Amino acid sequence: EGRAQKGYGIGLTYARYVVRAHGGDIRVESREGTGSTFNIRLPRKQTNRP
């Protein structure tokens, strides 16, 4: 509660793999003392609508 948990860092690695497998990209912006922002971009699904 209230503390960041320590892990092995595999979550971001897996997320990056999944996003790239779908043609997307992950970008991170970090600022010391304020945290990090992660932006995930995915392509829109193409539909064959008239």
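Checked against the criterion of being surrounded by fewer than 10 Cβ atoms within 10 Å (Cβ to Cβ) and either of a type outside the set (Asp, Glu) or at pLDDT 85 or above (or both), the candidates GLY33, GLY24 yield just one match: GLY33.
Determine whether TYR8 is of a type in the set (Phe, Trp, Tyr), modelled with pLDDT of 75 or more and open to solvent by 80 Å² or more (accessible area, probe 1.4 Å).
no
Screening the candidates ASN39, ASN48 for the property of being loosely packed, with under 10 Cβ neighbours inside 10 Å and either at pLDDT 85 or above or assigned to a helix (DSSP H, G or I) (or both) yields one hit, ASN39.
The values are calculated or read from the model by the stated rules, or taken from the named source; none is laboratory data. From a predicted model like this one, the values you see are computed outputs, not experimental measurements. In this analysis, Cβ positions are derived from the backbone assuming ideal geometry, glycine residues included, and neighbour counts consider all displayed protein chains. These accessible areas exclude ligands, DNA and RNA; they are computed on the full protein's heavy atoms, side chains included. Shrake-Rupley method; radii C 1.70, N 1.55, O 1.52, S 1.80 Å.
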